[in-house]
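The structure appears below as structure tokens.
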Amino acid sequence: MKKSYRVKKEKEFQTVFQHKQSCANRRFVVYVLEKPEQKHFRVGISVGKKIGNAVVRNAVKRKIRTSIYQLRESLEPTCDFIIIARPGVEALTSEEIHRNITHVLKLAKILK
């Protein structure tokens with residue numbers, strides 16, 4: 001994904017967290033911040049140390065990014081959102097991660 005589609009800075013993450021609008025399923029938590037003036041969505045991904053070592057965490061992030069990339073056309077363009085992976089996600093395949101991401105984004109009403 002291009003840098004313009006990512007939430008990267010700590011201040012931006014904190015702004016989304018402070019808005020306190022979240023949805024979750026067993027594998028992921030999503031925090032959402034509506035930004036009507038924004039041209040396209042931005043996503044931040046957080047995978048904590050409880051998931052595994054750096055190799056495992058990066059593999060999980062790659063799978064999440066791939067899933068978001070596949071869903072990019074049907075995502076709400078006027079929002080920032082952060083996806084937090086919960087423990088147990090490291091054992092899932094790419095297809096299972098995609099299904100869980102789709103489910104949690106529908107719950108958060110980000111997916112059209």
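The values are calculated or read from the model by the stated rules, or taken from the named source; none is laboratory data. Since we're looking at a predicted model, the values are computed, not measured. Neighbour counts run over all protein chains shown; Cβ positions are idealised from the backbone, glycine included. For the accessible areas, the whole protein counts, side chains as well, though only heavy atoms, and no ligand, DNA or RNA atoms are used. Shrake-Rupley method; radii C 1.70, N 1.55, O 1.52, S 1.80 Å.
Filter the stretch 48-61 down to the residues that are aliphatic (A, V, I, L, M), modelled with pLDDT of 95 or more and buried (at least 17 other Cβ atoms within 10 Å of the Cβ) and list them by number.
Listed by number, the list holds a single entry, Val60.
Suppose we filter Val30, Val16 for residues that are part of a helix (DSSP H, G or I) and of a type in the set (A, V, I, L, M); which single one remains? Give the steps one after another, and end with the answer.
On the way: Val30 fails: part of a helix (DSSP H, G or I).
Result: Val16 is the single residue among Val30, Val16 that is part of a helix (DSSP H, G or I) and of a type in the set (A, V, I, L, M).
Which numbered condition trips up Lys109, out of (1) closer than 17 Å to Arg27 by Cβ; (2) open to solvent by 90 Å² or more (accessible area, probe 1.4 Å)?
Here Lys109 clears every test but (1).
Go through the stretch 13-37 residue by residue and tally those that are within 28 Å of Leu92 (Cβ to Cβ), β-branched (Val, Ile, Thr) and over 11 Å from the mean Cα position of the chain (by Cα).
Within the stretch 13-37, residues that are within 28 Å of Leu92 (Cβ to Cβ), β-branched (Val, Ile, Thr) and over 11 Å from the mean Cα position of the chain (by Cα) number 1.
When residues of the stretch 42-67 are filtered for being under 11 Å from the mean Cα position of the chain (by Cα) and outside any helix (DSSP H, G or I), how many remain?
Selection size over the stretch 42-67: 6.
Could you run through the stretch 80-108 and say how many residues are assigned to a helix (DSSP H, G or I), within 23 Å of Gln21 (Cα to Cα) and touching a Lys or Arg at 6+ places or on another chain (Cβ under 7 Å)?
Keep residues of the stretch 80-108 that are assigned to a helix (DSSP H, G or I), which gives 89-91, 94-107.
Then drop every residue that is not within 23 Å of Gln21 (Cα to Cα), which leaves 89, 97-107.
After this cut, where a residue has to be touching a Lys or Arg at 6+ places or on another chain (Cβ under 7 Å) as well, the list is 89, 97, 100.
Within the stretch 80-108, residues that are assigned to a helix (DSSP H, G or I), within 23 Å of Gln21 (Cα to Cα) and touching a Lys or Arg at 6+ places or on another chain (Cβ under 7 Å) number 3.
Counting only residues that are free of Cβ contacts under 8 Å to residues at least 60 places away in the same chain and touching a Phe, Trp or Tyr at 6+ places or on another chain (Cβ under 9 Å), which one in the stretch 22-34 is most open to solvent (accessible area, probe 1.4 Å)?
Here is the first cut: in the stretch 22-34, the ones free of Cβ contacts under 8 Å to residues at least 60 places away in the same chain are 31, 33-34.
Of the ones still in play, those that are also touching a Phe, Trp or Tyr at 6+ places or on another chain (Cβ under 9 Å) are 31, 33.
Details: Tyr31: 58, Leu33: 21 Å².
Applying the filter and picking the extreme gives Tyr31.
Check whether at least one residue in the stretch 95-104 is crowded, with 16+ Cβ neighbours inside 10 Å, touching a residue at least 12 places away in the same chain (Cβ under 8 Å) and under 20 Å from Lys8 (Cβ atoms), and report yes or no.
Among the residues of the stretch 95-104, at least one is crowded, with 16+ Cβ neighbours inside 10 Å, touching a residue at least 12 places away in the same chain (Cβ under 8 Å) and under 20 Å from Lys8 (Cβ atoms), which makes the answer yes.
Give me the pairs, please: first residue somewhere in the stretch 43-71 and touching a residue at least 40 places away in the same chain (Cβ under 8 Å), second residue anywhere and part of a strand (DSSP E or B) and open to solvent by 60 Å² or more (accessible area, probe 1.4 Å), beta-carbon distance under 8 Å, and either six or more positions apart or on two chains.
Here the result reads Val43/Arg6, each pair linking the stretch 43-71 to a residue that is part of a strand (DSSP E or B) and open to solvent by 60 Å² or more (accessible area, probe 1.4 Å).
Taking Pro77, is it closer than 17 Å to Ser4 by Cα and not in a helix (DSSP H, G or I)?
Details: closer than 17 Å to Ser4 by Cα: yes; not in a helix (DSSP H, G or I): yes.
Here the answer is yes, as Pro77 does meet what is asked.
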